[in-house]
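The values are calculated or read from the model by the stated rules, or taken from the named source; none is laboratory data. Predicted model, so just to flag it, every value in this text is computed and none were measured. Using ideal geometry, Cβ is built from the backbone for each residue, glycine included, and neighbour counts are taken over all protein chains shown. Ligands, DNA and RNA are excluded from the accessible area calculation, which covers all protein heavy atoms including side chains. Shrake-Rupley method; radii C 1.70, N 1.55, O 1.52, S 1.80 Å.
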Amino acid sequence: MVPEAMHSAIMAGAPPYDNIDAIVISHAHEDHFSAYDVAEYLSKFPDTVLVAPQQAIDMLKEYRVPKQQLHAFNLDFKAAPEQQFIKGMQISALRIPHAGWPGRKDVQNLIFRVQLGDNFSAMHMGDADPDDSHYLPYEAFWQEQMTSVNFPPYWFFMSAEGRDILYEILNVKKHIGVHVPKQVPKYLKDSDYRYFSTPGEVQSIE
């Protein structure tokens, strides 16, 4: 669900979407994942792999994507974090309920933390629910290493509990909000928080 020009550039492998090692999917909702598009992309770029919840991997079965391109994380609610080494990257996953818990309790929403070398790591929270009871049991996971940059859904900035999760529990240097609506909430506009709100926007990570 991106502008057509961006979609075409992605599917053509045009810069900055060239030389992609891995696609990482947080969950299998259509605004995050298209089985058809991902299958087409992987067929064009056989050196690229997909890292995703089992629910997303299952949706690719009809497209017969080569197994060596697929890396599934099949985590139950409250399961221990899981780790895989994929293409030189240390990728950790933790299942945190989708926003609106418990209404979407069957959705495998995974927070992925990707370690690139010794000095940089990135985390994406998908559509995680901003209830600190989901995060506190995993304090050791968050504290074992500081994450360089995290991409939380914007609603974490909008409540005291969400901000407490970001700034007190997760052990992250920098947060850049995502999933921001076209009409950016006034609270977010007036704040000093960093976020993406325009397709193709670029921000530097110090």
**Asked** Does residue 163 satisfy being in contact with a Gly (Cβ under 8 Å, 6 or more places away or on another chain) and free of Cβ contacts under 8 Å to residues at least 24 places away in the same chain?
**Response** no
Given the conditions (1) open to solvent by less than 50 Å² (accessible area, probe 1.4 Å); (2) in a helix (DSSP H, G or I), every one holds for residue 8 apart from (1)
Considering residues that are open to solvent by 60 Å² or more (accessible area, probe 1.4 Å) and among the polar types (S, T, N, Q), the number found within the range 143-165 is 1
Pairs returned, first residue in the range 126-153 that is under 19 Å from residue 195 (Cβ atoms), second residue that is open to solvent by 40 Å² or more (accessible area, probe 1.4 Å) and among the basic types (Lys, Arg), beta-carbon separation under 6 angstrom, 6 or more apart or interchain, are 148/173; 149/174
Checked the range 94-150 for anything closer than 19 Å to residue 168 by Cα, charged (D, E, K, R) and assigned to a loop (DSSP other than H, G, I, E, B); matches are 129, 131, 144
Residue 73 vs (1) out of contact with any helix residue (DSSP H, G or I) (no Cβ under 6 Å at 6 or more places or on another chain); (2) closer than 26 Å to residue 136 by Cβ; (3) open to solvent by 30 Å² or more (accessible area, probe 1.4 Å): all pass except (3)
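Hey, can you tell me all the residues within the range 151-164 that are closer than 18 Å to residue 27 by Cβ and either touching a helix residue (DSSP H, G or I) at 6+ places or on another chain (Cβ under 8 Å) or assigned to a loop (DSSP other than H, G, I, E, B) (or both)?
Going residue by residue through the range 151-164, those that are closer than 18 Å to residue 27 by Cβ are 151-156.
Within the range 151-164, 152, 154, 155, 156 meet the criteria.
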Of those in the range 166-205 that are open to solvent by less than 80 Å² (accessible area, probe 1.4 Å) and in a helix (DSSP H, G or I), the residue farthest from residue 17 (Cα to Cα) is 169
Result of the Cβ filter at 8 Å on the range 58-85, keeping first residues that are touching a residue at least 12 places away in the same chain (Cβ under 8 Å) and partners that are part of a strand (DSSP E or B) and of a type in the set (Asp, Glu), at least 6 apart or interchain, is 73/82; 75/82
If we scan the range 91-114, do we find a residue that is open to solvent by 30 Å² or more (accessible area, probe 1.4 Å) and more than 29 Å from residue 161 (Cα to Cα)? no
